[in-house]
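Enquirer: Please see the structure below; I have some questions.
The values are calculated or read from the model by the stated rules, or taken from the named source; none is laboratory data. Quick caveat: nothing in here was measured; it's all calculated off a predicted structure. Positions of Cβ are backbone-derived with ideal geometry, glycine not excepted, and every protein chain shown enters the neighbour counts. Remember, those area values only see protein heavy atoms, side chains included, never the ligands or the DNA or RNA. Shrake-Rupley method; radii C 1.70, N 1.55, O 1.52, S 1.80 Å.
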Amino acid sequence: MNNILSRNNAEKRFKVYGFLAVSTAIVLLGILLFKIFSTGISAFNQSYIGVKIEINNSINSSEIDPRTELRQQLRNMFPELTTRAEKRTLYSLFSTGATYEFEDLLKANEGKTINGYYYFLASDDVDMYVKGTVKREGDSAGRLMSGQLKILDQFEEQNLVELHINKYLLAGADSREPEMAGIKGAIYGTFYAILIAFITSFPLGVLTAIYLEKLAKKNRLSDIIETNINNLAAVPSIVFGLLGLAIFLNFFDLPRSAPLVGGLTLGLMTLPTIVIAARSAIKSVPPSIEEAAIGLGSSKVQTIFNFTLPLAMPGILTGTIIGIAQAIGETAPLLMIGMVAFVVDIPGGPMDPATALPVQIYLWADSPERAFVERTSAAIMVLLIFLFLLNITAVYLRKKLEKKW
Amino acid sequence: MSIEELKVSIKNLNVFYGEKQALFGINLNIYANEVTSLIGPSGCGKSTLIKCINRMNDLVDICRYNGQIMIDGEDVNDPSTDPVSLRTRIGMVFQKPNPFPKSLYDNVAYGPRLHGMTNSKEDLDELVITSLQKAGLFNEVKDRLFEPGTGLSGGQQQRLCIARALAVNPEIILMDEPCSALDPIATAKIEELIEELKEKYTIVIVTHSMQQAARVSNRTAYMHMGELIESGLTKTIFSNPEHIKTQDYITGRIG
Amino acid sequence: MSIEFILLTIIGLSAYSFYISKKKAAAISAINGAEIHSQPNYHGMYAAFLTISPALVLLIVWSFIEDTIITMRLRDYFSDITEPSIANFYIEGVINFVDDVNSKAMDHVNFFTATEYYKSTMHLNLLLKSIVLVMLTIIALRYSFKLISADFKARDLFEDVVIKVMNIASIFAIFITIGIVLSLLFETLRFFESVPVQDFLFGTHWSPQMSIREDQVGSSGSFGAVPVFTGTILISIIAMSVAGPIGLFSAIYLSQYASNRVRSFAKPIIEVLAGIPTVVYGFFAVITVGPFFREMGIFFDIEGFSSESALIAGSVLGIMIIPFIASLTDDALSAVPRSLKEGSLAMGATLSETTTRVIIPASFHGIVGSFLLAFSRAIGETMIVVMAAGFAANLTANPFDAVTTVTVQIVGLLTGDQEFDSAKTLSAFALAFVLFFLTLILNVISLSIVKKYREQYE
């Protein structure tokens, strides 16, 4: 007899391997999410520096150049900085966005006077230092030089450096300046593209599924269609990108970088997923209900649209949401059709040049500025939370609407 | 018949699946070298009972039990009892023939290989052949020992499963409705086989067919709704049941 | 008057057709009682369909023809230009000048006569088109209205139309495949006009960068794709050696060992890994896995550990495909009939012995199928490798070296500014063609294995 003890030990080892495998997968997911969220959470705050603004004449904003005036006010705060280099060092602590904020402040106080401390957007280098992402090493910190640090220290001594909510991140479009870059444009791009993808793939997918499941005679053609759809579901997404490039851009001459083309391409990609999900949903409707309807004298088509389709709808919608969620996260096909351009305007429609959220993530991940790392993570957080909500909706729909037979 | 030797004794066994109680205070003695049959309507707990004997119920997450099952004076549920060695001593034949998707030879050699019962290829060959002979299958399949076991007829498959169980030389063989998926001729062969096997083994058989119980078993236990109503010599149970429910079942009033 | 206006008119007429036909059918039904074959609604819908479809078909045909004719006529104005692509460039210039206010005039003697011609022709064309289309719609409307009678089978006819539409929808999926094959094939063939097939498939030097000036030495670029293929295979093998064991053992644990509670908790969590966009994995590779491996490289003193090493991209790719292997293998293991498991356990086998000797052999096809599918995923995955692997094509089997993949090259060749017809751009299509067929073959094999296996236990 084999030693029962060693066999039982082998059994325990095997079980431990399995347990380790599952835990490894879960731990890896945990590390990934933790890394993204811990890096990204700080991007929702933004460093601001307080400046004493004193304008004693009644303000006529059209007459004041905000850039010059803001610099004047800064110089008033630090009369001891006299050389050009020192002054430039002072200005460099602020983002170009500070000028716009100052302009808004002037407009808000049209005809009045201003006297007090107001907070303005700091540059990304200051932001990284304030958040502790870069540490002081010797007399510099990251890209902040000793001169900048000296002035910044004076602001900090007066408690004039604060973290405010980052309003640019969610409400702004892309920018070369990390502190002003936002994902609103990308979200709009994604929205239009997904809308188009849904409009093309959902009706087409559902009609195909109905035809294959309920109307098609079992013959060579229906076999070919079926194999074809199963294989399409596994075609690499980048190949769909090339299809979009060749068909929509080169053949139909549609505009490059437009969400319309991105949406059509993603729609083609999502179609097989929807067909497969819709077919299994339709298959699960018990034939007895259809037989009853046909027995009462309704035609095949009437039965399908009055009974089968409504009953299968929860399943179809669940599958569609999962397919759409995949499409939302897809990047590669969009790179192929040029939705990878640097777009500073919020797109107004599906024909405007735009980028999409995952592509924005890719672009930011590629940017050298340190401050883009946390913003990339923050954009990922937004994407993941949205996908999570979509999936929850899918699960909820399935639970809520699913009839038990 | 020699003096009856107690092989398995079940005392006050309760089994629960989750909240639902499946067996209620079962007491039953099973004697060596006899065939004991369990009869009763579907869902009365016959299969549950025999699966407690070789602890196959461990596989069901939600299954709990209390009470005592002693085999040769050892408690089956004692923490020191290893279910793997326990099952080596107890063969089991299932309702539906379940040969592994391997050759006939590998099916029968499965147990001996696991337990390292033979030292040489020759010994293993011999063990496989004798097991197949004991199961009355050897002559039918001797030319195709290395073909898949799934290619046999239902009755042959079931005898293959019996041969597989015999190969590890168990003391007890549990049979869970072994003939329910078979035709009458195959059933007759299995019943003949059971008759021969009881010379060497203790057999517990769950059956739906009262005729079968009457034909093959020395003792019969009648179960109803998770309770053991009555047990005793088959002759007595069938000719002169003590309990009214047993009588109803035997005469076909409960089905 | 614009094309949108014509469309709206036609749709309006169609809606009107629905209304009057339904009314007429209802009137007939009111006189004849229940004698009418189809419900008034069906009469309406069928009439609306009959009204709108001829105009729509004609509109599509017309648009195609008008494009061809106009281009042909405009070509005459630029007959002095022999190179067709340049002539087309001028023709486009003319069309843009008229249609788009921002477009600038071009330098050619006939440019403004051409634009004048184009403007007047298009004007006439639109007028003619509007009249013909609206007339056609009105005729169709009258015709469909006349058809209605008590025994006119509007319902059957309308349902036939619905079925035809669904039939066409289902065939559309085939067109997608045909579209993929053709679009890849044409560009690939054009690529092979300038680069011989054998150089592409068996050449070992890949540097598609063309030099800026035509006269520069070696301006043709070099298109030996072997290093690209080996790089893809190397990264995919690394990914499989991460995901294979983890996925397989997870599936075994979840299907054989885990209690229902653990299973219902762990399985969705593992599947979350499949729902994370690949660009996120790419970023993860860059900010976490890359630095981690590099530190390990320094710690273990590994020479020449590249920051774009195959190991980094491969491991992250591996994490991504864990759920594919885990869930498909889990399906395969769970499909093995319970009776086999019980049979083996009842023989006194431990669960691990049962798994390795009975359950895995019985589900071997399904497991192989799931591995093949995962492998095909790994080959076709783009974003992770674009972000974590390099563009330099090294022919190496060393996992610490930087390698490139097919998908990385496609992205590199097709993003940014490029002229469309250069060998460099076309080579991306040739690579995609190889990728498509490789994954297609893997998918077909694995799907047929899985299907066959599934039938075995049904």
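Enquirer: Filter the range A:353-369 down to residues that are away from chain C (no Cβ under 11 Å) and surrounded by fewer than 19 Cβ atoms within 10 Å (Cβ to Cβ), then give me how many there are.
Expert: Residues meeting the conditions: 4.
Enquirer: A:ILE31: of a type in the set (A, V, I, L, M), modelled with pLDDT under 90 and surrounded by fewer than 17 Cβ atoms within 10 Å (Cβ to Cβ), yes or no?
Expert: Against the criterion (of a type in the set (A, V, I, L, M), modelled with pLDDT under 90 and surrounded by fewer than 17 Cβ atoms within 10 Å (Cβ to Cβ)), A:ILE31 does not qualify.
Enquirer: For the range A:24-47, state whether one or more residues are away from chain C (no Cβ under 13 Å) and touching a Phe, Trp or Tyr at 6+ places or on another chain (Cβ under 9 Å). Give the derivation first.
Expert: Residues of the range A:24-47 away from chain C (no Cβ under 13 Å): A:41-47.
After this cut, where a residue has to be touching a Phe, Trp or Tyr at 6+ places or on another chain (Cβ under 9 Å) as well, the list is A:46-47.
Checked the range A:24-47: at least one residue is away from chain C (no Cβ under 13 Å) and touching a Phe, Trp or Tyr at 6+ places or on another chain (Cβ under 9 Å).
Enquirer: Of (1) within 23 Å of A:ALA281 (Cα to Cα); (2) of a type in the set (Val, Ile, Thr); (3) open to solvent by less than 40 Å² (accessible area, probe 1.4 Å), A:THR376 satisfies all except one. Which?
Expert: Failing condition for A:THR376: (1).
Enquirer: On to the next question. Out of A:THR200, A:THR208, which single residue is over 18 Å from the mean Cα position of the chain (by Cα) and surrounded by 21 or more Cβ atoms within 10 Å (Cβ to Cβ)?
Expert: Working: A:THR200 fails: surrounded by 21 or more Cβ atoms within 10 Å (Cβ to Cβ).
Going through A:THR200, A:THR208 in turn, just one is over 18 Å from the mean Cα position of the chain (by Cα) and surrounded by 21 or more Cβ atoms within 10 Å (Cβ to Cβ): A:THR208.
Each row is one residue, and each column tells you yes or no for (1) in a helix (DSSP H, G or I); (2) over 13 Å from C:ALA389 (Cα atoms); (3) of a type outside the set (Lys, Arg); (4) within 10 Å of chain A (Cβ to nearest Cβ).
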site: C:VAL242; (1), (2), (3), (4): yes, yes, yes, yes
site: C:LEU248; (1), (2), (3), (4): yes, yes, yes, yes
site: C:GLN256; (1), (2), (3), (4): yes, yes, yes, yes
site: C:VAL262; (1), (2), (3), (4): yes, yes, yes, yes
site: C:PRO268; (1), (2), (3), (4): yes, yes, yes, yes
site: C:GLU271; (1), (2), (3), (4): yes, yes, yes, yes
site: C:TYR281; (1), (2), (3), (4): yes, no, yes, yes
site: C:VAL289; (1), (2), (3), (4): yes, no, yes, yes
site: C:GLU303; (1), (2), (3), (4): no, yes, yes, no
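Enquirer: Do you know which residues across the range B:132-158 are within 14 Å of another protein chain (Cβ to nearest Cβ) and surrounded by 19 or more Cβ atoms within 10 Å (Cβ to Cβ)? Step through it out loud before you land on a result.
Expert: So in the range B:132-158, the residues within 14 Å of another protein chain (Cβ to nearest Cβ) come out as B:148-151, B:154, B:157-158.
Across the range B:132-158, the qualifying residues are B:GLY149, B:GLN157, B:GLN158.
Enquirer: From the list B:THR118, B:THR150, pick out the single residue that is β-branched (Val, Ile, Thr) and touching a residue at least 12 places away in the same chain (Cβ under 8 Å).
Expert: B:THR150
Enquirer: Picking from C:GLU193, C:GLU159, which residue would you name as being touching a helix residue (DSSP H, G or I) at 6+ places or on another chain (Cβ under 7 Å) and among the acidic types (Asp, Glu)?
Expert: Details: C:GLU193 fails: touching a helix residue (DSSP H, G or I) at 6+ places or on another chain (Cβ under 7 Å).
None of the others qualify; the one that does is C:GLU159.
Enquirer: Out of A:ILE289, A:ILE294, A:ILE316, which single residue is in the same structural domain as A:THR190 (by TED's automatic domain parsing) and under 25 Å from A:THR265 (Cα atoms)?
Expert: None of the other options fit; the residue is A:ILE316.
Enquirer: Look at A:GLY262 and say whether it is more than 11 Å from chain C (Cβ to nearest Cβ), more than 13 Å from A:VAL206 (Cβ to Cβ) and either outside any helix (DSSP H, G or I) or basic (Lys, Arg) (or both).
Expert: Numbers: more than 11 Å from chain C (Cβ to nearest Cβ): yes; more than 13 Å from A:VAL206 (Cβ to Cβ): yes; either outside any helix (DSSP H, G or I) or basic (Lys, Arg) (or both): no.
No, not satisfied.
Enquirer: Out of B:ASN77, B:ASN107, B:ASN57, which single residue is under 29 Å from C:PRO337 (Cβ atoms), surrounded by 22 or more Cβ atoms within 10 Å (Cβ to Cβ) and either over 19 Å from the mean Cα position of the chain (by Cα) or not hydrophobic (A, V, I, L, M, F, W, C) (or both)?
Expert: That would be B:ASN107, the only listed residue that is under 29 Å from C:PRO337 (Cβ atoms), surrounded by 22 or more Cβ atoms within 10 Å (Cβ to Cβ) and either over 19 Å from the mean Cα position of the chain (by Cα) or not hydrophobic (A, V, I, L, M, F, W, C) (or both).
Enquirer: Tally up the residues in the range A:95-148 that are part of a helix (DSSP H, G or I), within 30 Å of A:ILE64 (Cα to Cα) and over 29 Å from the mean Cα position of the chain (by Cα), please.
Expert: We begin by selecting, within the range A:95-148, every residue part of a helix (DSSP H, G or I); these are A:97-108, A:124-130, A:146-148.
Now drop any that are not within 30 Å of A:ILE64 (Cα to Cα), which leaves A:97-108, A:124-127, A:147-148.
Okay, now just the ones that are also over 29 Å from the mean Cα position of the chain (by Cα), so A:102-103, A:105-108, A:147-148.
Qualifying residue count, the range A:95-148: 8.
Enquirer: Let me ask you something else. Restricting attention to the range A:309-327, does a residue exist that is at the interface with chain C (Cβ under 10 Å from one of its Cβ atoms), over 18 Å from A:PRO259 (Cβ atoms) and open to solvent by less than 50 Å² (accessible area, probe 1.4 Å)?
Expert: no
Enquirer: Okay, moving on. Could you check the range A:210-236 and list, in sequence order, the residues that are facing chain C (nearest Cβ under 7 Å) and either within 21 Å of C:LEU438 (Cβ to Cβ) or aromatic (Phe, Trp, Tyr) (or both)?
Expert: Of everything in the range A:210-236, those that are facing chain C (nearest Cβ under 7 Å) and either within 21 Å of C:LEU438 (Cβ to Cβ) or aromatic (Phe, Trp, Tyr) (or both) turn out to be A:TYR211, A:ASN228, A:ILE229, A:ASN230, A:ASN231, A:LEU232, A:ALA234, A:VAL235, A:PRO236.
Enquirer: Which of the following residues is small (Gly, Ala, Ser) and more than 9 Å from every other protein chain (Cβ to nearest Cβ): A:GLY205, A:GLY189?
Expert: After ruling out the rest, the residue left standing is A:GLY189.
Enquirer: Ok, one more. Go over the candidates A:ILE385, A:ILE392 one by one and state the one that is under 20 Å from A:GLU330 (Cα atoms) and at pLDDT below 90.
Expert: A:ILE392
Enquirer: Restricting the search to the range C:39-48, which residues are touching a residue at least 60 places away in the same chain (Cβ under 8 Å) and surrounded by fewer than 20 Cβ atoms within 10 Å (Cβ to Cβ)?
Expert: Across the range C:39-48, the qualifying residue is only C:GLN39.
Enquirer: Mind telling me which of the residues B:GLU74, B:GLU126, B:GLU122 ends up being closer than 15 Å to B:LEU166 by Cα and among the acidic types (Asp, Glu)?
Expert: Numbers: B:GLU74 fails: closer than 15 Å to B:LEU166 by Cα; B:GLU122 fails: closer than 15 Å to B:LEU166 by Cα.
The conditions single out B:GLU126.
Enquirer: Filtering the range A:237-259 down to residues that are more than 11 Å from chain C (Cβ to nearest Cβ) and surrounded by 24 or more Cβ atoms within 10 Å (Cβ to Cβ), which residue is farthest from the chain's Cα centre (by Cα)?
Expert: A:ALA258
Enquirer: Kindly indicate whether any position in the range A:270-288 is within 11 Å of chain C (Cβ to nearest Cβ), assigned to a loop (DSSP other than H, G, I, E, B), open to solvent by less than 20 Å² (accessible area, probe 1.4 Å) and closer than 30 Å to A:PRO347 by Cβ.
Expert: no
Enquirer: Also, I was wondering about something else. Would you list the strands (runs of 3 or more DSSP E) that sit entirely within the range B:1-96 and hold 2 or more residues that are closer than 27 Å to B:GLU199 by Cβ, modelled with pLDDT under 85 and of a type in the set (A, V, I, L, M)?
Expert: Fully inside the range B:1-96 and qualifying: nothing.
Enquirer: So, A:SER42, is that one open to solvent by less than 60 Å² (accessible area, probe 1.4 Å), of a type in the set (Ser, Thr, Tyr) and in a loop (DSSP other than H, G, I, E, B) or not?
Expert: no
Enquirer: I would also like to ask the following. Is the range C:231-253 home to any residue that is out of contact with any strand residue (DSSP E or B) (no Cβ under 8 Å at 6 or more places or on another chain), surrounded by fewer than 20 Cβ atoms within 10 Å (Cβ to Cβ) and at pLDDT below 90?
Expert: no
The rows are residues; the columns are (1) over 30 Å from A:LEU121 (Cβ atoms); (2) out of contact with any helix residue (DSSP H, G or I) (no Cβ under 6 Å at 6 or more places or on another chain).
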site: A:ILE183; (1), (2): no, no
site: A:PRO203; (1), (2): yes, yes
site: A:LYS218; (1), (2): yes, yes
site: A:LEU221; (1), (2): yes, yes
site: A:ILE224; (1), (2): yes, yes
site: A:THR227; (1), (2): yes, yes
site: A:PRO236; (1), (2): yes, no
site: A:VAL239; (1), (2): yes, no
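Enquirer: Could you grab me the full set of residues in the range B:104-131 that are of a type in the set (Lys, Arg) and more than 11 Å from chain A (Cβ to nearest Cβ)?
Expert: Within the range B:104-131, just B:LYS121 meets the criteria.
Enquirer: Is it true that C:PRO277 is in contact with a helix residue (DSSP H, G or I) (Cβ under 9 Å, 6 or more places away or on another chain), modelled with pLDDT of 90 or more and open to solvent by 50 Å² or more (accessible area, probe 1.4 Å)?
Expert: No.
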